[in-house]
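The values are calculated or read from the model by the stated rules, or taken from the named source; none is laboratory data. On a predicted model such as this, the values are computed, not experimentally measured, just so you know. Glycine gets a Cβ as well: all are built from the backbone with ideal geometry, and neighbour counts include every protein chain shown.
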There are 2 protein chains.
Amino acid sequence: MTDPQTKPLRVALAGLGTVGAGVIRLLKDNGTLVADRAGRPIQIVSVCARDRSLDRGVDLSGFVWEDDMTQMAERGDVDVVVELVGGSDGPALTLARNAIAAGKGLVTANKAMIAHHGLELAEAAEGRGCALKFEAAVAGGIPVIKGLREGAAANAIERIYGILNGTANYILSTMEASGADFSDTLADAQRLGYAEADPAFDVEGTDAAHKLAILAAIAFGGKVDFDAVACEGISRVRAADIAQADALGYVIRLIGMADVDEVDGAEPALLQEVKPCLVPKGHPLAHVTGATNAVVAEGNYSGRLLFQGAGAGDGPTASAVVADLIDIARGEVGAPFSVPASQLKPMARAETGGRTGQTYIRFTVTDRPGVLAEITAAMRDADVSIESLIQQGRANNGGEVLVAMVTHDGPERCVARAVELLRDSDSLTAPPLVMKIIRD
Amino acid sequence: MTDPQTKPLRVALAGLGTVGAGVIRLLKDNGTLVADRAGRPIQIVSVCARDRSLDRGVDLSGFVWEDDMTQMAERGDVDVVVELVGGSDGPALTLARNAIAAGKGLVTANKAMIAHHGLELAEAAEGRGCALKFEAAVAGGIPVIKGLREGAAANAIERIYGILNGTANYILSTMEASGADFSDTLADAQRLGYAEADPAFDVEGTDAAHKLAILAAIAFGGKVDFDAVACEGISRVRAADIAQADALGYVIRLIGMADVDEVDGAEPALLQEVKPCLVPKGHPLAHVTGATNAVVAEGNYSGRLLFQGAGAGDGPTASAVVADLIDIARGEVGAPFSVPASQLKPMARAETGGRTGQTYIRFTVTDRPGVLAEITAAMRDADVSIESLIQQGRANNGGEVLVAMVTHDGPERCVARAVELLRDSDSLTAPPLVMKIIRD
């Protein structure tokens, strides 16, 4: 008789892109070690993808090929479904729902699906007593969900923030090193395979926002609320901004950040933002270059924790997927969002601009007398106190010049008001770029 | 009838120093949140320490005071014993053995005890089916044991290394910032409370070696072998070495490092070293200053993972202790060293000097003709190829000068041979300081 504790964990794998092939390779290369650590073998029994004929560089002959992906959940010989198909809805979501309804564990790398439907899936999984795990959905190979959900579980999290998109970070840190502008750097990144042909998802912040919404739910015990993420990408960041930040002691990073306002008598209000920010050179996130991801969690007892590593790629993502499978094989199920889904609180949305801090503001203006007076008057009228102001020498494109300033510590809403006061000004050739300065 | 799943996890707390008081404070401040995440309350029922009359700044009136610590394990109203007494043997070990023998979970921050007796305790705990957890024993509040044991569980770990002692890192990074020498900086650190009156345990590397031996066992699946750690402290590092390293693009850090030689046909050989090393300024560990700890794990699929945070202090350490308690409350027991203790392999000791790489060597010599020729001849005779060599201007202490060099990539054993050749030289006023250069 086989001890059920040592029976293989049987896996159906849906989606055979680079990550799916990575999972197959990993379980082949590290299979013995994985079985030793999991206490039993982890065995793929069935696979499925759109195109059966494609050569993926891995041997599929040992697995049952399933033509209808959504049927994988029905297989009696499967304990866990791994969903690597992608897309927030459609076949991925159908498969996820079916798998949980059939009482199977579900492991997914699908950040869009979890950001949009994570609460529904967690409720269903908890109702059925089966596992729902998505370590690979946030920050690739970095065990940050585990770090938050378990490692930092004893803490009230005061703030969580980090570099959540490798493409955007690659572009910003390359601009930093080369002095080139955004569009040239993006084109290079596309040629080198660091950016997609349609880069909007990465450079406009949507991908980071998916990850942030998931992290925020775990950190603050709120229902996942992707629509509440205020999102701004990096396409308006210029080489001149990076040079200016450098001169002031900062680098520019696309930062996803969440924290909570706790005001007596009011319900807690969650702020979630993905925006380019100025990061002091002494801060650990300032040293994160290339496609690397990094997440900082500030706990009321742990202090500042940093988790850093490869945020994407077949190897790191497969590492996270199989870590989830090992947890399941070890019998560690638990609530996907740390507290039971039914206890996740609806969170009010914190007022954007409700924070205080220093801000970098860059104006592009026509080079004519009185422009500086107009800008500084708006700052005065909005109660924004200026720490430093630099007007850059005349540019060569039709008399446009840059005016960059750093404010003293003050309410962000005052900065927003100043920008609003200048909205209809003829002097500005484009809307100002406003970036928060992260505290050291 | 109470659901056993929601019954409190009842804790006996032995040791009421700063960490013990921190655990009491944490469970008071974050108790509701901890109960929500753990699925049930975590409740201290009994406490014990040497001196009952001491004011620890926390209210002990709700707990049963136990005079005989080793009796805590016998209490029928306790599920888990938290051992914060310290010391590798003595009462701490007796308590740990008793607790496990009585079928209770054990949570400890005691790195010395785990480094020396972890294997015995793990075997006992696994035999009884009870939990043994020691996240707080390594790198304070950073969930690096969880990160390795679970987060990176799908990987063959190729190398694990990091900054494992906050005091040593505080001293080195302060020397770096101030240009002061070791002894003055140590004295300052002692005055500020960053170093103990007897600093040997921290600055000579023993504390880091305890932590390294624990990490290495988990990473490589070997029996904990503290005695095999080659250990060298930072007391011989001079301000001149730091200045020299800086000019060459490096900082100096006390690094604990472990990796494994896998040679066909031979049993795997584990190298464990705690030594001051040169770290390239572009490496994430170069930016770790002050009392912060950081651990890098290089997995064959995950790539380089970095875990960073506060390596000591009551808050961070209490955070790790309570994270372990939450795991236990959630029913997550598991093998303490990732694989069952009975499967941990005895590891051969890798030959010190069996690695290749670049090395920094600093000689203190008497300032007379022919010294450089003598040193460079020894290098030549030992097959050490020199990349750069700097002789520093005459010092004011009796004609002693420093000669620093960086070798080309080559076997470390050749460097050791060169140093051996120079051992009886009258020209050297002290043994050379040899430091490995970490690859970027």
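For region A:100-148, what are the residues that are farther than 27 Å from A:Gly205 by Cβ, of a type in the set (A, V, I, L, M) and in a helix (DSSP H, G or I)?
A:Ile100, A:Ala101, A:Ala124, A:Ala125, listed by residue number.
Give region B:329-355 a look and list any residue that's farther than 18 Å from B:Glu123 by Cα and either among the charged types (D, E, K, R) or crowded, with 22+ Cβ neighbours inside 10 Å (or both), or say none. Reasoning before the result, please.
Of all residues in region B:329-355, those farther than 18 Å from B:Glu123 by Cα come to B:329-331, B:348-355.
Within region B:329-355, B:Ala329, B:Arg330, B:Arg349, B:Glu351, B:Arg355 meet the criteria.
What number of residues in region A:291-311 are modelled with pLDDT of 95 or more and assigned to a loop (DSSP other than H, G, I, E, B)?
Here the count works out to 3.
Given the residues A:Ala213, A:Ala195, A:Ala217, A:Ala168, which is the only one that is surrounded by fewer than 24 Cβ atoms within 10 Å (Cβ to Cβ) and aliphatic (A, V, I, L, M)?
Values: A:Ala213 fails: surrounded by fewer than 24 Cβ atoms within 10 Å (Cβ to Cβ); A:Ala217 fails: surrounded by fewer than 24 Cβ atoms within 10 Å (Cβ to Cβ); A:Ala168 fails: surrounded by fewer than 24 Cβ atoms within 10 Å (Cβ to Cβ).
Residue meeting the stated conditions: A:Ala195.
Pull out all pairs, ordered by first then second residue, where Cβ-Cβ is under 9 Å, the residues are six or more apart or on different chains, the first lies in region A:29-42 and is more than 10 Å from chain B (Cβ to nearest Cβ), and the second is hydroxyl-bearing (Ser, Thr, Tyr).
Here the result reads A:Arg40/A:Thr6; A:Pro41/A:Thr6; A:Pro41/A:Thr32, each pair linking region A:29-42 to a residue that is hydroxyl-bearing (Ser, Thr, Tyr).
Kindly indicate whether B:Pro336 is within 30 Å of B:Lys104 (Cα to Cα), modelled with pLDDT of 95 or more and within 8 Å of chain A (Cβ to nearest Cβ).
Judged against the criteria, B:Pro336 is not a match.
Every residue in region A:297-308 that is on the phi < 0 side of the Ramachandran plot and either surrounded by fewer than 24 Cβ atoms within 10 Å (Cβ to Cβ) or facing chain B (nearest Cβ under 7 Å) (or both), please.
A:Glu298, A:Gly299, A:Asn300, A:Tyr301, A:Ser302, A:Arg304, A:Leu305, A:Leu306, A:Phe307, A:Gln308
So A:Leu285 ticks every box in (1) part of a loop (DSSP other than H, G, I, E, B); (2) over 30 Å from A:Asn30 (Cα atoms) but one. Which box is left unticked?
Of (1) part of a loop (DSSP other than H, G, I, E, B); (2) over 30 Å from A:Asn30 (Cα atoms), only one is false for A:Leu285: (1).
Quick one: A:Glu120 ticks every box in (1) in contact with a strand residue (DSSP E or B) (Cβ under 9 Å, 6 or more places away or on another chain); (2) away from chain B (no Cβ under 12 Å); (3) surrounded by fewer than 24 Cβ atoms within 10 Å (Cβ to Cβ) bar one, so which box is it?
Condition (1) is where A:Glu120 drops out.
List, please: which pairs have Cβ atoms under 7 Å, are six or more places apart or on different chains, and start with a residue in region B:246-275 that is over 24 Å from B:Gly299 (Cβ atoms) and end with one that is in a loop (DSSP other than H, G, I, E, B)?
B:Gly249/B:Lys281; B:Tyr250/B:Lys281; B:Val251/B:Lys281; B:Ile252/B:Val237
Restricting to region B:51-91, what's the tally of residues that are free of Cβ contacts under 8 Å to residues at least 60 places away in the same chain, charged (D, E, K, R) and surrounded by fewer than 20 Cβ atoms within 10 Å (Cβ to Cβ)?
9
State whether the residues of region A:197-205 include one that is closer than 29 Å to A:Leu119 by Cβ and aromatic (Phe, Trp, Tyr).
Looking through region A:197-205, at least one residue is closer than 29 Å to A:Leu119 by Cβ and aromatic (Phe, Trp, Tyr).
If you go through region A:149-165 one residue at a time, do you hit one that is surrounded by 24 or more Cβ atoms within 10 Å (Cβ to Cβ), within 13 Å of another protein chain (Cβ to nearest Cβ), in a helix (DSSP H, G or I) and not basic (Lys, Arg)?
Looking for residues that are surrounded by 24 or more Cβ atoms within 10 Å (Cβ to Cβ), within 13 Å of another protein chain (Cβ to nearest Cβ), in a helix (DSSP H, G or I) and not basic (Lys, Arg), one finds at least one in region A:149-165, hence yes.
Being over 24 Å from A:Leu285 (Cβ atoms), touching a strand residue (DSSP E or B) at 6+ places or on another chain (Cβ under 9 Å) and among the acidic types (Asp, Glu) narrows it down to one residue among A:Glu420, A:Glu387, A:Glu412, A:Glu400; which is it?
Testing whether each residue is over 24 Å from A:Leu285 (Cβ atoms), touching a strand residue (DSSP E or B) at 6+ places or on another chain (Cβ under 9 Å) and among the acidic types (Asp, Glu) leaves just A:Glu400.
Report whether or not B:Gly313 is touching a residue at least 40 places away in the same chain (Cβ under 8 Å) and more than 9 Å from chain A (Cβ to nearest Cβ).
Here the answer is no, as B:Gly313 does not meet what is asked.
Please work out which residue is nearest to the chain's Cα centre (by Cα), limiting yourself to region A:338-357 and to residues that are small (Gly, Ala, Ser) and closer than 23 Å to A:Lys133 by Cα.
A:Ser338
Of B:Ala109, B:Ala125, which residue is over 25 Å from B:Arg50 (Cβ atoms), buried (at least 24 other Cβ atoms within 10 Å of the Cβ) and touching a residue at least 12 places away in the same chain (Cβ under 8 Å)?
So the residue among B:Ala109, B:Ala125 that is over 25 Å from B:Arg50 (Cβ atoms), buried (at least 24 other Cβ atoms within 10 Å of the Cβ) and touching a residue at least 12 places away in the same chain (Cβ under 8 Å) is B:Ala125.
Given the conditions (1) more than 17 Å from B:Gly140 (Cβ to Cβ); (2) assigned to a helix (DSSP H, G or I); (3) not hydroxyl-bearing (Ser, Thr, Tyr), and given that B:Pro316 satisfies all but one, which numbered condition is not satisfied?
Only one criterion in (1) more than 17 Å from B:Gly140 (Cβ to Cβ); (2) assigned to a helix (DSSP H, G or I); (3) not hydroxyl-bearing (Ser, Thr, Tyr) is unmet by B:Pro316, namely (1).
Could you tell me whether B:Asp440 is part of a loop (DSSP other than H, G, I, E, B) and free of Cβ contacts under 8 Å to residues at least 12 places away in the same chain?
no
Can you name the residue in region A:253-282 that is part of a loop (DSSP other than H, G, I, E, B) and either charged (D, E, K, R) or in contact with a helix residue (DSSP H, G or I) (Cβ under 9 Å, 6 or more places away or on another chain) (or both) and, of all such residues, is surrounded by the most Cβ atoms within 10 Å (Cβ to Cβ)?
Among those that are part of a loop (DSSP other than H, G, I, E, B) and either charged (D, E, K, R) or in contact with a helix residue (DSSP H, G or I) (Cβ under 9 Å, 6 or more places away or on another chain) (or both), it is A:Pro268.
Go through (1) modelled with pLDDT of 95 or more; (2) more than 12 Å from chain B (Cβ to nearest Cβ) one by one and return the number of the condition A:Ala219 breaks.
(2)
Would you check which residues across region B:317-333 are at the interface with another protein chain (Cβ under 7 Å from one of its Cβ atoms) and either in contact with a Leu (Cβ under 9 Å, 6 or more places away or on another chain) or under 19 Å from A:Ala329 (Cα atoms) (or both) and list them?
Within region B:317-333, B:Ala318, B:Ser319, B:Val322, B:Ile326, B:Asp327, B:Arg330, B:Glu332 qualify.
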